[in-house]
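Structure first, then comments.
The values are calculated or read from the model by the stated rules, or taken from the named source; none is laboratory data. All of these numbers come straight from a predicted model, not from anything done at the bench. Ideal geometry is used to build each Cβ from the backbone, glycine not excepted, and the neighbour counts take in all protein chains shown. Note: accessible area is taken over every heavy atom of the protein model, side chains too, but ligands, DNA and RNA are not part of it. Shrake-Rupley method; radii C 1.70, N 1.55, O 1.52, S 1.80 Å.
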Amino acid sequence: GQRAGLVLFGNARWHKNLPAMLEAVALWQAQSPERSQARVTIIGPDEPARSLAAKAGVRNVSIGRGLSDENLAALLARSSALLFCSHAEGFGLPILEAMACGCPVVASDLPVMREVGQYGCVFVDPKSTADIARGIDRAIGLTSDEQARAALVPLRGDVDEARGLGVEPYASSGTAPQ
């Protein structure tokens, strides 16, 4: 089926790189009228996300605060891509969560991200908004191939295993996994 929308995890901490991701989304949306209609859901506190999105010129923004794990999984399952382009991460559980829902990920080209998301990720330079925007296109190419998308879903066990190791789901903890 048709999938629409981008999901970002965002808070004010510099290493999460929210301003650059939002600038990349605005750049991507500006490339066509169809893209300008794409929904952009930012998971995290309302501010600074809403004002950063407005400053960058991102359209159709909604804020997902306090989503249950089930609601986050449903959102990821119907989304075109997750943007997870931080400058540093301890683990990268949102990558596994997205892939377990069949949602391709645009991730920073960092060793930890490559280890966690070796399949189903498009790796980008987190300092380059143009590279992130191109990564969105490549991820959406994965999204449109339902067979490739379905191949991501067996990773569900990896998410459950990560949780079993005491790694809290990002959506509930509100902080980056350590």
Can you work out which of the residues in the stretch 107-121 that are open to solvent by less than 10 Å² (accessible area, probe 1.4 Å) and among the hydrophobic types (A, V, I, L, M, F, W, C) is nearest to Ile43 (Cα to Cα)? Ala107
Neighbours by Cβ (under 7 Å, 6+ apart or cross-chain): first from the stretch 56-77, touching a residue at least 60 places away in the same chain (Cβ under 8 Å); second surrounded by fewer than 14 Cβ atoms within 10 Å (Cβ to Cβ): Asp69/Ser172
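For Arg134, indicate whether it is basic (Lys, Arg) and more than 14 Å from Met21 (Cα to Cα). Walk me through it before giving the result.
Values: basic (Lys, Arg): yes; more than 14 Å from Met21 (Cα to Cα): no.
When the stated conditions are applied, Arg134 does not pass them.
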Checked pairs for the stretch 118-133, first under 10 Å from Cys85 (Cβ atoms) and touching a residue at least 12 places away in the same chain (Cβ under 8 Å), second of a type in the set (A, V, I, L, M, F, W, C) and open to solvent by 30 Å² or more (accessible area, probe 1.4 Å), C-beta under 6 Å and 6 or more apart or across chains, list as Thr129/Leu27
Condition first: of a type in the set (Lys, Arg) and without any contact (Cβ under 8 Å) to a residue 24 or more places away in the chain. Can you find one or more residues in the stretch 104-117 that meet it? yes
Considering each residue of the stretch 40-59, count those that are surrounded by fewer than 20 Cβ atoms within 10 Å (Cβ to Cβ), modelled with pLDDT under 95 and outside any helix (DSSP H, G or I), and give that number. 1
Within the stretch 60-90, which residues are touching a strand residue (DSSP E or B) at 6+ places or on another chain (Cβ under 7 Å), of a type in the set (S, T, N, Q) and not in a loop (DSSP other than H, G, I, E, B)? Ser62
Leading residue by the ranking (least open to solvent (accessible area, probe 1.4 Å)) among those in the stretch 11-37 that are closer than 16 Å to Ile132 by Cα and assigned to a loop (DSSP other than H, G, I, E, B): Asn17
Applying the selection to the stretch 112-131, what residues are among the small types (Gly, Ala, Ser) and closer than 16 Å to Phe91 by Cα? Gly117
Would a scan of the stretch 91-106 turn up a residue that is open to solvent by 20 Å² or more (accessible area, probe 1.4 Å), within 21 Å of Asn11 (Cα to Cα) and part of a loop (DSSP other than H, G, I, E, B)? yes
